[in-house]
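Undergrad: Before I ask anything, here is the structure I am working with.
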Amino acid sequence: MQHLPVLVAETLEWLAPRRGGWFVDATVGLGGHAAALLQASPGAQLVGIDRDSEALERAARRLAEFGPRVRLVQARFDRLEQAVASLGLDRVAGVLADLGVSSLQLETAERGFSFRRDGPLDMRMGMSEVTAADLVNETAEGELERIIREYGEERQARRIARAIVLARAERPFETTGELKRLIDRVKGPRAAREERIDPATRVFQALRIAVNQELAGLERFLEEAVNLLATDGRLVVISYHSLEDRIVKNTLRDLARGEIDPVTGRSRSESQLIEALTRKPVRPSEAEVAFNPRARSARLRAARRL
Ligand SMILES: C[S@@+](CC[C@H](N)C(=O)[O-])C[C@H]1O[C@@H](n2cnc3c(N)ncnc32)[C@H](O)[C@@H]1O
């Protein structure tokens with residue numbers, strides 16, 4: 001199983017690791033971006049963080065050739081400052097986050113992320129308590145509808161939540177296949193043609209976000225990352241859906257603007273923490289998407305610490 005890192009050349013361009021020093025990969029995953037960074041820049045050292053212990057084991061193997069230049073920590077990225085401080089480090093030269101799931105998570109049926117592979121309805125990336133089955137079987141109908149609508153941007157959220165509640169009264173959901181079949185039935189055969197994505201995609205995305213509280217930690221992560229950066233330090237974030245990208249865009253905009261002076265109506269320059277390096281999100285080339293379909297929805301934003 002291969003995990004091809006997305007937008008690698010662009011990530012290295014904006015992180016500029018040739019400056020040397022410590023870089024943090026806050027979602028080290030299988031170590032693809034991390035290996036590229038360490039290879040490109042002999043003066044760079046790397047802290048790799050992931051919430052998933054299985055991913056960290058793989059990253060450790062992949063990055064072993066770089067020896068003491070690499071330190072790995074299991075943590076959620078919204079505890080970034082704590083994780084970095086636990087290694088005795090202070091300021092860093094760059095922080096990278098490549099959000100979302102890895103191919104390892106998606107393609108391991110037992111982890112329950114995929115509607116293409118039947119497995120237990122789990123979806124935990126690591127360090128989370130509830131499973132997708134807990135949510136589907138125990139959440140009140142109204143809350144289930146909200147999760148599916150807000151995190152999945154699914155227009156048929158109400159009908160799907162209703163159908164889940166009716167079905168689970170007969171028998172609780174246990175597998176990804178059972179949930180997929182129910183969604184297919186509710187949305188009907190036309191849905192796949194009209195939406196041009198699998199009818200189950202949005203509901204699965206919604207549950208994954210809710211199980212792992214993916215959006216909740218993102219703003220805090222970005223603030224902590226900016227606090228950790230030394231002057232001229234770089235932040236690069238790759239997101240894969242519009243909900244994430246909106247949070248990244250708005251938080252970076254606020255950190256770049258700083259506080260507004262109530263008298264002049266202008267931003268106070270001393271409170272401007274970063275400058276945006278990318279006006280618009282950077283998208284992968286057609287060639288990259290053809291080679292690596294997972295890159296399709298990627299958007300990269302970069303900023304520089306002032
Ligand atoms: C797209 S993969 C990263 C792949 C990596 N860039 C590579 O090239 O191999 C995303 C990783 O982020 C991790 N992750 C997602 N949310 C996280 C969070 N809140 N804290 C820490 N790690 C997280 C996942 O466990 C997953 O391994």
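Undergrad: If N is the number of residues in region 71-128, what value comes out of its Cα radius of gyration divided by 2.2 N^0.38 Å?
TA: Ratio of Rg to 2.2 N^0.38 Å for region 71-128: 1.46.
Undergrad: Nearest 10 degrees is fine. How inclined is helix 242-257 to the longest principal axis of the chain, computing both from alpha carbons?
TA: 30 degrees
Undergrad: Now for a separate question. Ignoring everything except DSSP H segments at least 4 long, calculate the 222 nm mean residue ellipticity for the chain; use -39,500 (n - 2.57) per segment, divide by total residues, nearest 500.
TA: For the chain, the value works out to -13000 deg cm²/dmol.
Undergrad: Would you work out what percent of the accessible area of region 151-306, with all protein chains in place, is carbon or sulfur (probe 1.4 Å)?
TA: Details: 4000 of 8300 Å².
For region 151-306, the apolar C and S fraction of the accessible surface comes to 48 percent.
Undergrad: Calculate one ³J(HN,Hα) per residue across region 286-300 by plugging θ = phi - 60° into the Karplus curve 6.51 cos²θ - 1.76 cosθ + 1.60, and present them in order as whole Hz with x for glycine and proline.
TA: 4, 4, 5, 5, 5, 7, 9, x, 4, 6, 2, 9, 6, 9, 10
Undergrad: I've got another one for you. At a 10 angstrom cut-off on C-beta neighbours, averaged per residue, how do the peptides 251-261, 92-102, 4-14 rank from highest to lowest? Could the numbers behind the result be given before it?
TA: Numbers: 251-261: 16.3, 92-102: 25.2, 4-14: 18.8.
Output ranking for 251-261, 92-102, 4-14: 92-102, 4-14, 251-261.
Undergrad: Further, regarding this structure: Let me know the Rg and Dmax you get for region 193-306 when you use only its Cα atoms, in Å.
TA: 17.0, 55
Undergrad: So if we plug the beta-carbon distance of Ser271 and Leu4 into 1/(1 + (r/R0)^6) with R0 = 41 Å, what FRET efficiency do we get, rounded to 0.05? Walk me through the numbers before you get to the answer.
TA: Details: r = 40 Å, r/R0 = 0.97.
Computed FRET efficiency for Ser271 and Leu4: 0.55.
Undergrad: Skipping prolines and chain starts, which residues have an amide H placed within reach, meaning under 5 Å, of the one on Met123, given they are 5 or more residues away or on another chain?
TA: Those lying under 5 Å, H to H, from Met123 are Gly112, Phe113, Ala132.
Undergrad: Taking the Cα atoms only, what angle lies between the long axis of helix 218-228 and the longest principal axis of the chain, rounded to 10 degrees?
TA: Approximately 10 degrees, to the nearest 10.
Undergrad: Something else: Once both axes come from the Cα atoms, what is the angle between helix 157-170 and the longest principal axis of the chain, in degrees from 0 to 90, rounded to 10?
TA: Here the helix axis deviates by roughly 60 degrees.
Undergrad: Might you tell me the accessible area per residue for region 1-93, computed with a 1.4 Å probe and given in Å²?
TA: I get 44 Å² per residue for region 1-93.
Undergrad: What residues have an amide H closer than 5 Å to that of Leu46, excluding those fewer than 5 places away on the same chain, when H is modeled at 1.01 Å from N in the peptide plane?
TA: When sequence neighbours closer than 5 places are left aside, the close amide H contacts are Phe23, Val70, Arg71.
Undergrad: In µm²/s, what is D for the chain at 4 °C and 1.567 mPa s, where D = kT/(6 pi eta Rh) by Stokes-Einstein and Rh is the Kirkwood radius from Cα pairs?
TA: Taking Rh from Cα pairs, D becomes 63 µm²/s.
Undergrad: Compute the label zone of Arg117 within region 267-306: residues whose backbone N is under 16 Å from the point 7 Å along Cα-to-Cβ.
TA: Once the point is set 7 Å along Cα→Cβ of Arg117, 294 turn out to lie under 16 Å by backbone N, inside region 267-306.
Undergrad: List every residue whose amide H lies under 5 Å from the amide H of Ile274, counting only residues 5 or more places away in sequence or on a different chain, with H placed 1.01 Å from N in the peptide plane.
TA: Ala256, Leu306
Undergrad: Can you work out the accessible area per residue across region 151-306, with the rest of the protein chains kept in place, probe 1.4 Å, in square angstrom?
TA: Heavy-atom accessible area per residue stands at 53 Å².
Undergrad: Another question, if that's okay. Rounded to the nearest 20 Debye, what is the dipole magnitude of region 77-154 about its Cα centre when Lys and Arg each give +1 and Asp and Glu each give -1 at the C-beta? Provide the component values of the computation, followed by the final result.
TA: Details: 8 positive and 17 negative charges, 76 e Å.
The dipole of region 77-154 has a size of about 360 debye.
Undergrad: While we're here: Would you kindly give the portion of the calculated P(r) for region 35-185 that falls above 25 Å, as a percent of all Cα pairs?
TA: Values: 4960 of 11325 pairs.
Summing the P(r) of region 35-185 above 25 Å gives 44 percent of all pairs.
Undergrad: Dipole size in debye (nearest 20) for the chain around its Cα centre, Lys and Arg Cβ +1, Asp and Glu Cβ -1?
TA: Dipole size: approximately 820 debye.
The values are calculated or read from the model by the stated rules, or taken from the named source; none is laboratory data. Nothing here was measured: the structure is a model prediction, and the numbers come from that model. Every residue, glycine as well, gets a Cβ built from its backbone with ideal geometry; the counts of neighbours run over all protein chains shown. All accessible areas refer to the heavy atoms of the entire protein, side chains included, with ligands and DNA or RNA removed. Shrake-Rupley method; radii C 1.70, N 1.55, O 1.52, S 1.80 Å.
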